[in-house]
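Colleague: The structure is given below, and queries will be raised subsequently.
A short reminder: the numbers here are calculations on the coordinates, not readings from a lab. Just so we're clear, the structure is a prediction, and the values are computed from it rather than from any experiment. Please note: Cβ atoms are built from the backbone with ideal geometry, for glycine as well, and neighbour counts cover all protein chains shown.
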Amino acid sequence: MDAAVAGLRRLLRLILSVAATFLGLTLVTFVIGRLIPIDPVLAVVGEHAAPSVYRAARARMGLDLPLSVQYLRYLRQILHGDFGTSVITGQPVLTDLLHVFPATVELSLAALLIGLGLGIPLGVLAATRRGGAIDQAVRLLSLFGYSMPVFWLGLIGLLVFYARLGWVAGPGRLDVGFEDMVPERSGLLLLDSALAGQWDVMANAAAHLLLPAAILGLLSLAFIARMTRSFMLGQLSQEYVLAARAKGLSRRRVVWVHGLRNIAVPLITVIALTFGSLLEGAVLTETVFAWPGLGLYMKNSLFNADMNAVIGGTILIGVVYIGLNLLTDLLYPLLDPRADTGARR
């Protein structure tokens, strides 16, 4: 009974925390969207509209109401899935977001896989060879990944690997000849083309995905490698490592099995934050590579004063962050039962 009550309390606290975070997210996003010096009415009626037309449009959009009333109305709308209508496309913002978001997810997932596949092993190797050549190289690579502007890397990558060497495909998600050949199911082009058996479309999509994913993957690799190195250094100084070595366990087993398992919980947090930052920070990459995802959509919306689309996209990213934090909280007890025990206490 006590365990059931404790679990119910944890669930209630989790629900209240998610609800409070969502309300705070929508409030801050809405207020900032209303206070920035962009008039969404002008985006609808144009700069040369008559004053009467301007006032009528402003009243129709509810912008003549107090800010608190506007927020409550907007909150009620988004709880029903209504983010307003996009000025650019003329479609509901939610429809646009559902169309462009999978492209950003596909790009971010590919970049995250690159970051994980290289960042974790490099971070572990750097920790086990502290001060050595590998450690110095990993630290230099991390510094390079942090320091280089992503738009500059993207432009240089296009110039070298696309324009000069021809190793990768150019901007966009597909060549024109391959567009509309695959029915959209998940929105993830590689998956949809594989499900449809269109392997030529899949190969073309992979060629377009490779370079932008590698650019973003370098950024995630730098962060993951640095944090993995830091976590592993902390584990290598623990007494259980010396005890395991004294019992005859190989250094490789101690590091790659026991050590890596003990940094799983903080590493999950790093992975979730990395994925969230990739989704959020893909604006410049998508702009450079003309990638039709959420970042490019929000950039175009901002430049055209389409505030419904900007606010809707911002809230979507915030909801993804909330979901990632919730997922990590649920994974902690599975990876380390001590985390669940500590929470019950």
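Colleague: For the chain, give the magnitude of the charge dipole about the Cα centre (Cβ charges: +1 Lys/Arg, -1 Asp/Glu; no others), in debye to the nearest 20.
Modeller: On the way: 27 positive and 21 negative charges, 354 e Å.
Using Cβ point charges on Lys, Arg, Asp and Glu, the chain gives about 1700 debye.
Colleague: Assuming R0 = 22 Å, can you tell me the calculated FRET efficiency for the pair VAL319 and ARG261, based on Cβ-Cβ distance, to the nearest 0.05? Don't skip to the answer; put the middle values down first.
Modeller: Values: r = 31 Å, r/R0 = 1.42.
Efficiency computed from Cβ-Cβ geometry: 0.10.
Colleague: May I pose another question? Magnitude of the Cβ-charge dipole of the range 190-323, K/R +1 and D/E -1, about the Cα centre, nearest 20 debye? Numbers along the way, then the final one.
Modeller: Numbers: 9 positive and 6 negative charges, 219 e Å.
For this selection, approximately 1060 debye.
Colleague: When ranked by the protection proxy of mean other Cβ atoms within 10 Å per residue, highest first, what sequence do the peptides 46-56, 323-333, 173-183, 207-217 form?
Modeller: Details: 46-56: 11.2, 323-333: 15.8, 173-183: 14.0, 207-217: 23.0.
Top to bottom by mean Cβ count within 10 Å: 207-217, 323-333, 173-183, 46-56.
Colleague: Along the Cα→Cβ direction, 7 angstrom out, place labels at SER147 and HIS48. What is the inter-label distance in nm?
Modeller: Result: 5.2 nm between the two label points.
Colleague: Turning to a different aspect of this structure: Figure the gain on full extension for PHE303 and ALA57 (residue separation times 0.36 nm, minus the Cα-Cα span) and round it to one decimal in nm. Mind showing how you got there, number by number?
Modeller: Working: separation 246, 0.36 × 246 = 88.56 nm, distance 2.05 nm.
That works out to 86.5 nm of additional length.
Colleague: Quick one: plug the Kirkwood hydrodynamic radius of the range 2-79 (C-alpha pairs) into Stokes-Einstein at 25 °C, 0.890 mPa s, and report D in µm²/s. Working shown, then result.
Modeller: Numbers: Rh = 15.3 Å.
The diffusion coefficient I find is 160 µm²/s.
Colleague: Still on this model: Counting only C-alpha contacts under 8 Å and six or more residues apart, can you give the relative contact order of the chain as a whole percent?
Modeller: Details: 369 pairs, mean separation 89.7, N = 345.
About 26 percent, as a whole number.
Colleague: Give me the dipole magnitude in Debye, nearest 20, for the range 2-79 about the Cα centre, with unit charges on the beta carbon: positive for Lys and Arg, negative for Asp and Glu. Please report the intermediate quantities before stating the final value.
Modeller: On the way: 9 positive and 4 negative charges, 50 e Å.
So the magnitude is around 240 debye.
Colleague: Still on this structure, I have one more. Calculated from DSSP H runs of 4 or more alone, at -39500 (n - 2.57) each and per residue, what is the 222 nm mean residue ellipticity of the chain, nearest 500? Please list the in-between numbers first.
Modeller: Numbers: 15 runs with 245 residues, N = 345.
Taking each H run of at least 4 residues, the total per residue is -23500 deg cm²/dmol.
Colleague: Please compute the modelled spin-label separation between ARG252 and ARG129, points set 7 Å along Cα→Cβ, answer in nm with one decimal.
Modeller: The modelled label-to-label distance comes out at 1.5 nm.
Colleague: Which far-off residues, 5 or more places away or on another chain, put their amide H under 5 Å from the one on PHE289, with H placed in the peptide plane?
Modeller: Residues meeting the criterion, in which the H sits 1.01 Å from N, do not exist here.
Colleague: Given 0.36 nm per residue, what is the gain on full extension from PHE161 to SER17 after removing their alpha carbon distance, in nm? Don't jump to the answer; show the numbers that get you there.
Modeller: Values: separation 144, 0.36 × 144 = 51.84 nm, distance 4.66 nm.
Between PHE161 and SER17, full extension yields 47.2 nm more.
Colleague: Let me ask something additional. Given q = 0.10, 0.11, 0.17 Å⁻¹, what are the Debye log10 I(q)/I(0) values for the range 98-344, with equal point scatterers placed on the Cα positions and solvent ignored?
Modeller: -0.59, -0.69, -1.27
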